[in-house]
Amino acid sequence: MDILVLNPGATEEQLKHIIKKLEGRGLQANISKGTERTIIGVIGDTSKISEDEENAIRAMPGVEDALRILKPYKLASREFKNEDTLIDVRGNIIGGRKIQVFAGPCAVENKTILMSIAQKVKDAGAAFVRGGAFKPRTSPYSFQGLGEEGLKYLAYVRKKTGMPVITEIMDPRDMEVVSKYTDIIQIGTRNMQNFRLLLEVGTAKKPVLLKRGLSATIKEWLMAAEYIMSKGNQRVILCERGIRTFETATRNTLDLSAVPVLKKLTHLPVVVDPSHGVGKWDLVAPMAKAAVAAGADGLIIEVHINPEEAFSDGEQSLRPDDFATLMKELKPVAAAVGREI
Ligand code: PEP
Ligand code: MN
């Protein structure tokens, strides 16, 4: 038994009683109050519940049915919650009709550069500014990010432009400082299965953007989302950013089929990062358009005013003019699939 569906007229008293019953069995209740009825996600090892017990719970006042979910992830599944999850970040809805664009440099380099990139992407129509302050670099000798100083620059830019910001967390010990400055917490591809980190951001009061692991299957990715959700944070955004394959012509292989697959399996918003997916700036625009056509709810795009001088990922960063052109070209693509950008 993984889900309890309550009667439309179930009372608060009955709900409390059911929660108490579950807690007495070492389980937790995740309450989802829909417009018509309340659904309880049963969190914990539900395999221990016997059939007799399940029948007894099904007969409790206020309970309409007790169901099992066949998927290993529950809270993330469409079986648990059929309607799309909408995530409101300072008035910008992620997962709705409007496709949200997150743009900015790979890394926060300094205040002036960040500010001028943010202003340009805002003028071109991006709603969010991105930029890493803690950078996961392959080499320990590469630029590792500015840390808290970089977070302060992001907060400054948010104040000046009004754009909400997204930045990556790499270590559970940075939870307090990162959530103090950012609007959305990003988990990078290398940390998709850093379970301690997932549990930590599961307690955050901010939405989490979870990038797909370099070699993760869609099921593993949804299980990672489940880790976050099991701690109470239901505001998870999935981000396809390319996976490792035998192909070397592109940095990664952008798996756009993941978008419609995820749309079937989960109610969570799905965004695509074509920049890390292809690794080359001239391939970003066609894949961004393809992502929108495939049904993505948003795009993350690296933009730099001077890509050849960028501290990281300059080769895949768009110049502001090219980004502005792309934003215009995306409009008819979005309209063709019933969306707007
Ligand atoms: C990034 O967004 O700059 C980043 C490091 O992405 P990923 O984790 O997808 O490599
Ligand atoms: Mn990058």
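The values are calculated or read from the model by the stated rules, or taken from the named source; none is laboratory data. In this text the structure is predicted, and so the values were computed from the model without any measurement. Backbone-built Cβ (ideal geometry, glycine too); neighbour counts: all protein chains shown. Each accessible area value is taken on the protein alone, full model and side chains, heavy atoms only, with ligands, DNA and RNA left out. Shrake-Rupley method; radii C 1.70, N 1.55, O 1.52, S 1.80 Å.
Measuring r between the beta carbons of Ile31 and Leu86 and using R0 = 25 Å, the FRET efficiency lands at 0.90.
Taking Cα atoms only, the orientation of helix 111-124 departs from the longest principal axis of the chain by about 80 degrees.
Computed extension gain for Ile93 through Glu308, at 0.36 nm per residue and net of the alpha carbon distance, reaches 74.0 nm. Taking every C-alpha pair closer than 8 Å and separated by at least 6 residues, the mean separation divided by the residue count of the chain gives a relative contact order of 16 percent. Solvent-accessible surface (1.4 Å probe) assigned to Arg319 amounts to roughly 110 Å². Solvent-accessible area per residue in the chain equals 44 Å², computed with a 1.4 angstrom probe and all protein chains kept.
Normalised by 2.2 N^0.38 Å, where N is the number of residues, the C-alpha radius of gyration of the stretch 173-234 stands at 1.03. Residues whose amide H falls under 5 Å from that of Thr38, counting only those 5 or more places apart or on a different chain, are Leu6, with hydrogens built in the peptide plane. Kirkwood-type hydrodynamic radius, the chain: 20.9 Å, calculated from all non-identical alpha-carbon pairs.
Can you give the helix-only mean residue ellipticity at 222 nm for the chain, where every DSSP H stretch with n ≥ 4 adds -39500 (n - 2.57) and the sum goes over all residues, rounded to the nearest 500 deg cm²/dmol? Computed ellipticity for the chain at 222 nm equals -10500 deg cm²/dmol. Backbone amide hydrogens, once placed in the peptide plane, bring Leu299 within less than 5 Å of Gln100, Val101, Phe102, Val272, excluding anything fewer than 5 places away on its chain. Gain on full extension, evaluated as 0.36 nm per residue between Lys280 and Ala293 minus their Cα-Cα distance, stands at 2.6 nm.
So which of Lys71/Lys205; Lys16/Lys81; Lys74/Lys331; Lys71/Lys280 end up more than 25 Å apart, counting from Cα to Cα? The answer is Lys71/Lys205; Lys74/Lys331; Lys71/Lys280. The phi-based Karplus calculation (6.51 cos²θ - 1.76 cosθ + 1.60; θ = phi - 60°) puts the 3J(HN,Hα) values of the stretch 127-132 at 8, 10, 10, 10, x, x Hz, whole numbers, x for Gly and Pro. Can you bin every Cα-Cα distance in the stretch 280-341 into 5 Å intervals starting at zero and give me the percent of pairs per bin, rounded to whole numbers? P(r) over the stretch 280-341, rounded to whole percents: 4, 19, 28, 21, 14, 8, 4, 1. Model label sites at Tyr141 and Asn110, defined 7 Å from Cα along the beta-carbon direction, differ in position by 2.4 nm. Label-to-label distance for Glu220 and Thr11 is 5.0 nm, based on points extended 7 Å past Cα in the beta-carbon direction. If I compute solvent accessible area with a 1.4 Å probe over the protein chains, what percent of it on the chain is carbon and sulfur? Here it works out to 52 percent. Extension gain, Thr253-Ala336: 0.36 nm per intervening residue step, less the Cα-Cα distance, totals 27.4 nm. Near the amide H of Ile237, within less than 5 Å, lie the amide hydrogens of Val208, Leu209, Leu210, all on another chain or at least 5 residues away, with H placed in the peptide plane. Separation of the stretch 105-153 from the stretch 297-328 is 12 Å, based on Cα centroids. For the chain, the longest principal axis of the Cα atoms and the long axis of helix 218-230 meet at an angle of about 70 degrees.
To the nearest ten degrees, helix 148-161 and the longest principal axis of the Cα atoms of the chain are 90 degrees apart. Hydrodynamic analysis of the stretch 205-310 uses the Kirkwood radius over alpha carbon pairs. Inserted into Stokes-Einstein at 10 °C and 1.306 mPa s, it gives a translational diffusion coefficient of 111 µm²/s.
In terms of solvent-accessible area of protein heavy atoms at a 1.4 angstrom probe, what is the ranking of Tyr181, Tyr156, highest value first?
Solvent-accessible surface, decreasing: Tyr156, Tyr181.
Considering only alpha-carbon pairs that sit under 8 angstrom and 6 or more positions apart, the relative contact order computed for the stretch 212-333 is 20 percent. A simple charge model with +1 on the Cβ of Lys and Arg, -1 on the Cβ of Asp and Glu and nothing else charged puts the dipole of the stretch 1-150 at about 680 debye relative to its Cα centre. Applying the Karplus relation 6.51 cos²θ - 1.76 cosθ + 1.60 with θ = phi - 60° to the stretch 279-284 yields 3J(HN,Hα) values of x, 9, 4, 6, 9, 5 Hz, where x marks Gly and Pro. Computed from backbone phi with θ = phi - 60° and the Karplus coefficients 6.51, -1.76 and 1.60, the 3J(HN,Hα) list for the stretch 70-87 is 7, 7, x, 9, 10, 4, 7, 7, 5, 5, 6, 9, 7, 7, 4, 7, 10, 10 Hz; x is used for glycine and proline.
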